[in-house]
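We did not get these values from a lab; they are worked out from the coordinates using the rules stated. Owing to the predicted nature of the structure, the values given are computational and were not obtained by experimental measurement. Positions of Cβ are generated from backbone atoms using ideal geometry, with glycine treated the same way; all protein chains shown enter the neighbour counts.
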Amino acid sequence: MPKPVIGFVCDVTAVSGHIAHLVVEKYLYAVAVGADATPILLPGRISDVDGTPASETLDYGAILALVDGIFLPGSPSNVAPPLYGRPPEDQVLPADPNRDAMSLGLIRAALAAGVPMLGVCRGCQEMNVAFGGTLHPKLHEVGQELDHRYDATLPIADAYAPVHDVALEPGGVFSGWVDGAARWRVNSLHEQGVDRLAPGMEVEARAPDGVVEAFRHPNAERFTTAIQWHPEWRFGADALSTAIFRAFGEAARDRMASRRR
């Protein structure tokens, strides 16, 4: 049987003086294996060696005609603060305006087209902004109990290890995936976080300090879920992470079937 195709939003960054479109492999692996799907990369900008763009507009309809799902991965960059009503000087981590330009419009177009979406870390923040919410650009400065930031001094396996619980919404989708569990242990590697949740979204998990760690769009035609932690990291060893990618894959297969009818 053919596998569904998942389009990945890329970081657009400089590598050895050249513009590159990048996705970290752990995300590709989690989708390829956990969702049993075929990943493809979606460039956010196409340009000549001198930086001249090939096109000033992105054809979201053409992109969505090729894919059965959209994955928005984490990134070293943050969403630009002016996109959610904050001043430019609130930018903390590097900016990626090309990714911002690609992701926010694509999220809205995918929702309208019934294309399933999964956003992780930056992807979670992009989904909240695209749907009308706002972010804390410096979560650690707003009186939160936890410091959610990535500790770059640790070996990567330690940095991605679970560090705090999240409260799963009673009766929610996530809780149902893990036999009604009330709490789940997750990792935490983010600078920004949800401030005002986008209208109409349903919370699936919160950190002990109240920060929204997962939400979904209840009125979306298919799976549209955002997660602030990193379920892609060794997803097969964690029951909730396994369930998340399995459900995303099932939604993509449903979309693929509908496209082929």
Interchain or sequence-distant (5+) residues whose placed amide H lies within less than 5 Å of the amide H of L41 are F8
Of all DSSP beta bridges having both residues in the chain, the percent classed as antiparallel (nearest 5) is 55 percent
Extend 7 Å from the Cα of D165 along its Cα-to-C-beta direction; within the range 184-202, residues with backbone N under 16 Å of that point are 184-187
Taking Cα pairs closer than 8 Å and at least 6 residues apart, the relative contact order of the chain in percent is 21 percent
For the range 14-20, in residue order, the Karplus 3J(HN,Hα) values (coefficients 6.51, -1.76, 1.60; θ = phi - 60°; whole Hz; Gly and Pro = x) are 8, 10, 6, x, 10, 7, 10
Scoring only Lys, Arg, Asp and Glu (+1, +1, -1, -1) among other residues with Cβ under 9 Å from the Cβ of N128 yields -1
Subtracting the Cα-Cα distance of R183 and E221 from 0.36 nm times their residue separation yields 10.9 nm
Going from the fewest other Cβ atoms within 10 Å to the most, one would list D59, D165 as D59, D165
